[in-house]
1. Tell me which of these residue 149 doesn't satisfy, since it passes every other one: (1) within 14 Å of the ligand (Cβ to nearest atom); (2) surrounded by 12 or more Cβ atoms within 10 Å (Cβ to Cβ); (3) modelled with pLDDT of 85 or more; (4) on the phi < 0 side of the Ramachandran plot.
2. Within segment 152-184, track down each residue that is out of contact with any helix residue (DSSP H, G or I) (no Cβ under 9 Å at 6 or more places or on another chain), more than 10 Å from the ligand (Cβ to nearest atom) and at positive phi.
3. Select the strands (runs of 3 or more DSSP E) contained entirely in segment 58-155, then report the ones holding at least 2 residues which are within 29 Å of residue 178 (Cβ to Cβ) and under 13 Å from the mean Cα position of the chain (by Cα).
Ligand SMILES: [Ca+2]
């Protein structure tokens, strides 16, 4: 299953005070049944427990350009992977990352060389994300978790075959528009 540009948040909180509430607080459940899921440019934030959870999936799951913020565990890939899961260009901010050995994770925010701070993002205000979607289903215009000018994540990604701007892909769910070329 290919999943692109999906946003999941406040899962696992009983916001409606439902007495039969049984949510387990996981944003993306990637397991239970095996499937070589491909997760691209998704956001997951403020869930009760886990953002992206591999949950014993033994297929090779691919995660490119996702952003997880403020889940107690942002990424939980804690099962052995007979077919290695592949993670590139993902961001974790304010939440734990659990990666078991044999998981192929490189060039993500937790792989060294980056310090993720508040200043990497234009906005952490998610109030605009619950607004109406655009007619074609796109996100409302808002700067939530988009990279701030000067962020180390801009042009710091590896090419995974997806469109990008500037000299290289950015990390995370949103690609920063490249500066216009100077006219000589
Ligand atoms: Ca770029």
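The values are calculated or read from the model by the stated rules, or taken from the named source; none is laboratory data. Keep in mind that this is a model prediction, so the values were computed, not measured. Using ideal geometry, Cβ is built from the backbone for each residue, glycine included, and neighbour counts are taken over all protein chains shown.
1. (2)
2. Once the filter is applied, which keeps residues that are out of contact with any helix residue (DSSP H, G or I) (no Cβ under 9 Å at 6 or more places or on another chain), more than 10 Å from the ligand (Cβ to nearest atom) and at positive phi, segment 152-184 yields only 161.
3. Details: elements: 62-64, 67-69, 73-77, 86-88, 91-93, 96-99, 104-106.
Of the strands (runs of 3 or more DSSP E) lying wholly inside segment 58-155, those with at least 2 residues that are within 29 Å of residue 178 (Cβ to Cβ) and under 13 Å from the mean Cα position of the chain (by Cα) span 62-64, 67-69, 73-77, 86-88, 91-93.
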